[in-house]
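Here the structure is laid out as structure tokens; the discussion comes afterwards.
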Amino acid sequence: MKVGYGSCPGTCGELVQGYIGKNEYISSYCIDLYSRATVSEKKSSKKFSRPRKSKSIEASSLVFEYFGLNKNQVDNLHISIKSNIPIGKGMASSTADIGACIMATLDYLDKDMKADEISRLVAKIEATDSIFYPEVCIFDPIKGEKRESLGYLPYKRILILEPENRINTMKMRGHKEYYKLLRENKSITKKSFEMIRDGIKKQDKNLLRKACENSAIANENIKKTPYLRELIKISRECECGFLNISHTGTVIGIALDENTDVERLIHEIKHSEISSVYKKQYIRKIVRGGLRKGKVK
């Protein structure tokens, strides 16, 4: 039986998010949590309720259309998605599901698409992320277009602070005040993007830290991040890299440097009121983005 496989990494929020000119942009990075999809021929004609897969099925149909194939053939396919990316936390779980399904469909069809083409395709379904590119980018999530490639972060590990509460990113973006408030932060986030660009180009960790903190603090007028300033203080005291938030989600990432006192950092968080909100604290690897074709263990 013919089978296609694909996988896609998630993120830990965004380094910077906000306006440049008239458009909204984001810069994010990937971590080693993945969505994995399998596309195969259906063994049965029975229809199943698949609410989480609805967007992925739509994406698979768009891939068929892209290559001039009958999209109704998707009805004859079985799509399976397995993911260890938390849902509703701002970690690109939905985008990763869609991306993994697109890659599995391409593998099934023995076709290829470039990251630019995939990003624009996904943007037809929902606001997307730059996770289809290997490097950190300045990226338009609405149009699905890369404005600029920046390079790679000088860090290998991230401490993720994950609360129990979730946020529906699409609903948040749909709120009438969202873009008004985002525009109010325009001067700060524009400068933050400049610092991210220079920070990655020069591998200047101080610029990276400032860019992420400034963007996170500016975002407080849109969505409050519990204990943000306390965590910034602790991360500085423990000689961490940057601290970033999910601007439309709930997670926080703290980059771990070679000089970081990781033991003290975790102790300070666990033995404070901070842990009452961020009940899950775990370390993951920072990885390159991009879709992976073929079976992955």
- prompt: Zone of Arg183 (label point 7 Å along Cα→Cβ, backbone N under 19 Å): which residues in the range 129-162?
  reply: 141-143
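Using the structure shown, list the pairs from Lys156/Lys233; Lys2/Lys82; Lys43/Lys89 with a Cα-Cα distance above 26 Å, or answer none. Working shown, then result.
Values: Lys156/Lys233 22 Å; Lys2/Lys82 19 Å; Lys43/Lys89 35 Å.
Beyond 26 Å between Cα atoms: Lys43/Lys89.
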- prompt: What nm value, rounded to one decimal, do you get for the distance between Met172 and Asn221 when each label is placed 7 Å out toward the C-beta?
  reply: 1.7 nm
query: Counting only residues 5 or more places away or on other chains, whose amide H sits under 5 Å from the amide H of Leu33 once H atoms are built in the peptide plane?
result: Gly10
task: Quick one: check the C-alpha center-to-center distance for the range 133-194 versus the range 270-297, whole angstrom.
output: 17 Å
- line: The simple spin-label model distance between Ile283 and Arg120, using points 7 Å out along Cα→Cβ, in nm, is 4.3 nm
statement: Checked against the structure, the computed Cα Rg over 2.2 N^0.38 Å among [x] 1.27; [y] 1.01; [z] 0.95 is the one labelled [y]
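Given a Förster distance of 25 angstrom, what is the FRET efficiency for Glu41 paired with Ile87, based on the Cβ-Cβ distance and rounded to 0.05? If you can, show how the numbers build up before the last one.
Values: r = 28 Å, r/R0 = 1.14.
It comes out at approximately 0.30.
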- line: Amide H proximity to His78 below 5 Å, modelled H, separation 5+ or other chain, gives Ser40, Glu41, Lys42
- request: Could you state the angle between the C-alpha long axis of helix 205-218 and the longest principal axis of the C-alpha atoms of the chain, as a value from 0 to 90 degrees rounded to the nearest 10?
  value: 80 degrees
task: Could you tell me how many degrees, from 0 to 90 and to the nearest 10, lie between the Cα long axis of helix 93-109 and the main elongation axis, the longest principal axis, of the Cα atoms of the chain?
output: 30 degrees
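Suppose R0 equals 45 Å. What FRET efficiency, 1/(1 + (r/R0)^6) with r the Cβ-Cβ distance, do Asn259 and Ser54 give to the nearest 0.05? Please report the intermediate quantities before stating the final value.
Details: r = 46 Å, r/R0 = 1.02.
Step by step, r from the Cβ atoms, then E = 0.45.
Each reported figure results from applying straightforward, stated rules to the coordinates on display, with no laboratory input. Since the structure is predicted, the reported quantities are computational estimates derived from the model, not experimental observations. Neighbour counts run over all protein chains shown; Cβ positions are idealised from the backbone, glycine included.
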